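One structure is given here, and the rest of the page talks about it.
The values are calculated or read from the model by the stated rules, or taken from the named source; none is laboratory data. What you see is a predicted model, and the numbers here were worked out from it, not measured in a lab. Here the Cβ is made from the backbone with ideal geometry for all residues, glycine too, and neighbour counts use every protein chain on show. To get the accessible areas, we keep the full protein, side chains included, count just its heavy atoms, and leave off ligands, DNA and RNA. Shrake-Rupley method; radii C 1.70, N 1.55, O 1.52, S 1.80 Å.
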Amino acid sequence: MTAGRRIFQNIRALAAAKAATMASGLVTAAWTARVLGPDSFGVLGFGTSLMAYAALFVNLGLSTYAIREIARDREQAGPLSEHVLTLRTVLAVIVGALYAAFVLTLDKPMAVKAVLLMQAVQLLGNALVLDFVYQATERMGVIATREIGTSIGSMLLVFLLVRGPEDAILAAAITGGSITVNALVMIGRFRRDFGSLRPRIDLKIWREILTAAAPMAVGVFAWAIFTHLDVVMLGFMAPHTEVGWYSAAVKIQTLANLAGNIVMNAFLPQLAAAYGDLDQMRERMRAYATVMLTVGALVVAGGVALAPAILATLFGDAYDPAALPLRILMVASAVVYANMILGNPLLVWHRQTGYMIAMLSGGVLNALLNVWWIPRYGIQGAAMATLTAELAATLAIAWLHRRVVGELYGGLAAKAVLCGGLAVAAGLILHRVAAPLLNKAPAIADFLSGSVAVVGVFAAATLLTGLVRPTRLRRLTGVTV
């Protein structure tokens, strides 16, 4: 099978999963935001961001390391998976205990602490997830099945059980429980595909694995600073209501970035396999950059043009103050897509140390800017800090990427920016012209009409500028393994 055909099969499987995940995630987020209210939803968002950092210490870059190694030698799938799962389970117990001790020292009401403690269930689920094996072996359908099961299961339980602000702890338990149950089901599938799993404790091998994975772990940790630090710092420095507004904006931005993650995860094994052959690396990178820029430009354009309508449709009028931060975060998403294009391939091309330094420097800048801007500008300051720091890190990563392959895809990026800009203009003009009618209609009418304008203009622009070309897609599917 050609590399291109595998890539598109991977995209198709992951896209099906992400479509289901996105739909159910939107419904779940909208329901919990409405029934819990901005205050309790803010507590949940604060806890989710804290948990994201705790989960990083459970993974420590092990998934990325395992993907790289298994993609180059699939015979390692069984023994390496056993080491990774055992090591992550041990880390989950240690990190869980430290997290619980930290939460109990917080100057928060006991009801808030209970929600934060309940979210720790996710640590076990994250430790046992075997996605890295199926990503490395390009069997994305298994990952898709797990993600669909987790998202739909969580959605149904939230609908049935979460009814008001007093159910915040139950909402936290549902999320962690769903992840853990689906991880256990996936272990059963692994036994059928690769053989039985057993605990493996070998301190020498663990040290070797952790040493190789450490730069990846630091890089991922720095990335998490961009993704979650603003919500965490708002949780300490602002009322929970403002955290709730901002959490709603972050939810939408996270969903917007899902499309990029689909493309990235589909291409990553083939990019890893191309390492060492500069011509093949360049060929696959150009195809990867084209797909990512096209997807990213459309997503960002829609988010910027339709931010108020998206918030009103999903979360209600109570979340209207999040419109400006959401627009800033969507611009930051454009930088995130650039970072995924230029940065993530470095991790599978043995350039993880440079990536780590760039991301860590950006993370430190993000923290400093949050401390400075949140007290002055509130949730707008948090969004601006994220955008500025992500831009600084991505510029450094661009320099590293160019040293490896000698290209930065500026022509493709210029076409994507032009197409996205025209789509944003179309959405804003339609809203302005149709405002007298749309103001009296439900928010979803504004969202749907704006979406049609954005997508229609963007599609036409990509064809006119040559950003999307059938010949380029055919050339991709002709690339051989």
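Ordering H431, H240, H401 by accessible surface, largest first, gives H431, H240, H401; the 1.4 Å probe counts only protein heavy atoms, with every chain in place.
Only DSSP H runs of four or more residues enter the estimate; each adds -39500 (n - 2.57), and after division by the residues of the chain the mean residue ellipticity at 222 nm equals -30000 deg cm²/dmol. Summing Lys and Arg as +1 and Asp and Glu as -1 over all other residues whose Cβ lies under 14 Å from the Cβ of A127 gives a net charge of -1.
Once neighbouring chains are kept in place and the probe is 1.4 Å, which whole percent of the accessible area of the chain is contributed by carbon and sulfur? All intermediate terms of the calculation are to be shown ahead of the outcome.
On the way: 13430 of 19770 Å².
The computed percentage sits at 68.
When ranked by the protection proxy of mean other Cβ atoms within 10 Å per residue, highest first, what sequence do the peptides 152-160, 300-308 form? Walk me through the numbers on the way to the answer.
Numbers: 152-160: 17.3, 300-308: 24.7.
Result, highest mean Cβ count within 10 Å first: 300-308, 152-160.
Considering only A259, A213, G276, the residue lying farthest towards the positive end of the dipole of segment 201-332 is G276, judged by Cα position with unit charges set on Cβ.
For segment 285-301, backbone phi angles converted through the Karplus equation (6.51, -1.76, 1.60; θ = phi - 60°) give residue-by-residue couplings of 5, 4, 5, 4, 5, 4, 5, 5, 5, 5, 5, x, 4, 5, 4, 5, 4 Hz, Gly and Pro being listed as x. Among 263-275, 333-345, 247-259, sorting by the average number of other beta carbon atoms lying within 10 angstrom of each residue, highest first, gives 333-345, 247-259, 263-275. When only the Cβ of Lys, Arg, Asp and Glu is charged (+1, +1, -1, -1), the dipole of the chain relative to its Cα centre reaches about 1120 debye.
Compare the peptides 200-208, 358-366 by average per-residue count of other Cβ atoms within 10 angstrom and give them in order, highest first.
For the peptides 200-208, 358-366, the packing ranking is 358-366, 200-208.
When a/c is below 1.5 the answer is rounded, else prolate if a/b is larger than b/c, else oblate, so apply that to segment 324-392 with a ≥ b ≥ c taken from the square roots of the Cα gyration tensor eigenvalues.
Working: a/c = 4.94, a/b = 1.78, b/c = 2.78.
Because a/c hits 1.5 or more and a/b fails to exceed b/c, segment 324-392 counts as oblate.
Send over a whole-number figure in Å² for the accessible area per residue of segment 118-171, probe 1.4 Å.
Working: 2020 Å² over 54 residues.
With the other protein chains kept in place, segment 118-171 gives 37 Å² per residue.
At what distance in angstrom do the alpha carbon centres of segment 309-325 and segment 43-108 lie from each other? Each part's Cα centre sits 33 Å from the other's. If a/c stays under 1.5 just call it rounded; otherwise compare a/b with b/c (prolate if a/b is bigger, oblate if not). Do that for segment 274-392, with a ≥ b ≥ c from the square roots of the Cα gyration tensor eigenvalues. The shape class here is oblate. Our summary gives the chain a relative contact order of 22 percent, counting only alpha carbon pairs under 8 angstrom and 6 or more residues apart.
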